[in-house]
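A short worksheet on the structure shown next.
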Amino acid sequence: MSDTGAPLTQDAPPARREDGRTAVPRARIRHNDYGPLLPPGLGDWEPRLRVSVVIPAHDCQEALDRTLAGLAAQSYPAHLMEVVVADDGSDPPLRIPEIAPAGTRLVRVPDGRWGRGWARQTGAAAAAGDILHWVDSDMILDREHIEAHMRWHHLASYAVVLGDVRFTPEGAGPDAREVFAAVAAGDAEKLFDGSAPHAWRAGVLDETRWLRDAGATAYRLHSGATTSVPMALLRSVGGVNTALNMGEDTDLGFRLAQAGAVFIPDPQARGWHLGPSTVMLREKEVHRHNWSVLPDFIPDLRWLRTHPRRHWLVPYVHVVVDARGASYEDVRASVDAALAGTVVDVAVTVVGPWAALTGGRRSSLDEPLLDMRLVRNLYAHEPRVSFTEETPHSSAPAPFRLTCPAGWALGADSLAELLKLAESEGYGLLSAVLDEAVLDEGEEGDGSDTGVRTVRLERTAAFARAALVEDAGDLDGAVHELFGSFWVSADDFGVKAAGEAEPVAGDPAKWRAGAARWQREAERLEAEAESLRAETERLRAEVRELEDGRQRGPLREIIATAMRQGKAG
């Protein structure tokens, strides 16, 4: 839909900006529900955006020839498409074959560098298009594949489009000339008998109405096989992580999500992967490898962050405490409470005039910024605490930010409970009111600044999306529109003034140990209760047998008497 709420169609084309790039309408999409976008029919619109197809490749000349042959027959205008092949140290080096798009060129990964992360980033750095379209070197794309992707990018400036990939059986594939002829004729599907989608991906699409209901988890389907992303959005998240040789596409998808991306799978963007993927052939080994590295980068992988004392590269929640004008004791109370909660993958940034704390001669007890000096002394070597002069613009890639005024302390479960509410309802903003009787409990609103003191839990992706579409600067209002916001009572979530808060005692590991002891005790009592229930049932059975025996005794006497009387008669 457009900024006015009307659906976006081919009747609302992009316009040229002064810098020569194409301006794309800033659609206001709720969560990941791209349904209001109405893409034009294939072949029934006028493209304007330039696309750079980037193919990371290593020692795969024959497969690359087929991939380029399919790209040479695309319906998307040739003058708006370039192809960049990133050669990841092939020996002999890869070459551009006879059948390839006119705008195809080769770049090589820098000497001493290698791997998929480096290949993707090297290709992206050389690309000049408005949109970057990843394609693996063992893919064959249908004639209208690129066009199907690109029509979405003309409708929303933060769309990440996912092609529909089917996997062919193992075996030799067609040659490049066969691929070109079939794709040009629109008959690419006839090249592959028995192709099928990845079962897991198909299941996710089915369960989420093709990701419209996937919410914050839509990025899970982001894959490098055939995915397109606006170049500006890609650069805003820092590009591809060159340190990753596997799982780099999942890491990138997560970071794009935090930047406000909406993920759109298009069934008309058909493509075929020659043979099963590595994941399909060696799933357990791939997971074993990726799950050793991805937890550091993707806090959403909660089941991989169960260690009670580990520190992670990217925190799940970034806590910001403004220390300006606050006492040392108040700042310490807020920071210590944030670090001691049951959510352990937390990082804290303390905002203050740190540059003014010089190393020159000073009065140790009477300097003007003594409280700030003490705060920095206390946390100087705490790896989870950092210092900044101004509140950071964004907490990405951490998926959540919590801002807490100095002098207020989170309870042990405060953050966990706020996160639970935000996650269950998909809220972009929770405002926990610190002042009593200001708002009715549970009142909905846009979370805008009312002068009320609050602890704010912000969803990073929601505020990034709002910044992409909001001209008036009312980010809280845009977040409310696109993700929803909610007011709650801070007291209900255990947030207290520093003087009223429970002292920070022990650590999460001890709390877990205590919880484990109570759990074991509960299990013991349950087992004892079960044993007592069994014993009770046994005793009841004995009582029933005794009662039956008493009833049978008099009855036998009556029958015997009757029989004797009968004989006597």
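Given a 1.4 Å probe and heavy atoms of the protein chains only, how would you sort Glu526, Glu521, Glu458, largest accessible area at the top?
On the way: Glu526 105, Glu521 70, Glu458 25 Å².
So, going from the largest accessible area down, we get Glu526, Glu521, Glu458.
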Taking every DSSP beta bridge with both residues inside the chain, roughly what % is antiparallel (nearest 5)? 35 percent
Within the stretch 328-349, backbone nitrogen closer than 12 Å to the virtual label 7 Å beyond the Cα of Leu374 toward Cβ: 328-333
Taking amide H atoms as placed 1.01 Å from N in the peptide plane, list the residues 5 or more away in sequence, or in a different chain, whose amide H sits under 5 Å from that of Arg108. Asp87
Accessible surface of Leu369 in the full protein assembly, 1.4 angstrom probe, to the nearest 10 Å²? 60 Å²
Post the alpha-carbon centroid distance, the stretch 34-58 to the stretch 65-104, in whole angstrom. 18 Å
Of Gly41, Leu418, Val488, which is farthest along the charge dipole of the chain in the positive direction, counting Lys and Arg as +1 and Asp and Glu as -1 at C-beta? Leu418
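Under the definition of Cα pairs under 8 Å and six or more residues apart, what whole-number percent is the relative contact order of the stretch 21-96? If you can, show how the numbers build up before the last one.
Details: 56 pairs, mean separation 29.0, N = 76.
Relative contact order here is 38 percent.
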Positive end of the charge dipole of the stretch 72-168 (Lys, Arg +1 and Asp, Glu -1 on Cβ, about the Cα centre): tell me which of Gly103, Thr168, Leu141 has its Cα farthest that way. Gly103
Given the rule -39500 (n - 2.57) for each run of at least 4 DSSP H residues, summed and divided by the residues of the chain, what is its mean residue ellipticity at 222 nm, to the nearest 500 deg cm²/dmol? -11000 deg cm²/dmol
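Using the Cα centre of the chain as the reference point, and only Cβ charges (+1 on K/R, -1 on D/E), how large is the resulting charge dipole? Debye, rounded to the nearest 20.
Values: 62 positive and 86 negative charges, 279 e Å.
With Lys and Arg at +1 and Asp and Glu at -1, about 1340 debye.
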Stretch Leu42-Arg305 to full length: gain in nm at 0.36 nm per residue minus the Cα-Cα span? 90.3 nm
Can you list residues from other chains, or at least 5 along the same chain, whose modelled amide H is less than 5 Å from the amide H of Val319? Ala347, Val348, Thr349, Leu402
Would you calculate the separation in nanometres between label points at Arg324 and Glu382, each defined as 7 Å from the Cα along the Cα-to-beta-carbon direction? 2.1 nm
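Please state the shape class of the stretch 53-210: rounded when a/c is under 1.5, otherwise prolate if a/b exceeds b/c and oblate if not, all from the C-alpha gyration tensor.
Values: a/c = 1.35, a/b = 1.17, b/c = 1.15.
Note, shape of the stretch 53-210 comes out rounded.
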Nearest-10 value in Å² for the accessible area of His58, using the 1.4 Å probe: 100 Å²
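Would you work out if the chain is rounded, prolate or oblate? Take a ≥ b ≥ c from the square roots of the eigenvalues of the alpha-carbon gyration tensor; rounded if a/c is under 1.5, else prolate when a/b is larger than b/c, oblate otherwise. Mind showing how you got there, number by number?
Details: a/c = 2.18, a/b = 1.27, b/c = 1.72.
Because a/c hits 1.5 or more and a/b fails to exceed b/c, the chain counts as oblate.
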In whole percent, what relative contact order does the chain give with Cα contacts below 8 Å and a gap of six or more residues? 12 percent
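The values are calculated or read from the model by the stated rules, or taken from the named source; none is laboratory data. All values reported here derive from a predicted model rather than from experimental measurement. Every residue, glycine as well, gets a Cβ built from its backbone with ideal geometry; the counts of neighbours run over all protein chains shown. Surface areas here come from the heavy atoms of the whole protein model, side chains and all, with no ligands, DNA or RNA. Shrake-Rupley method; radii C 1.70, N 1.55, O 1.52, S 1.80 Å.
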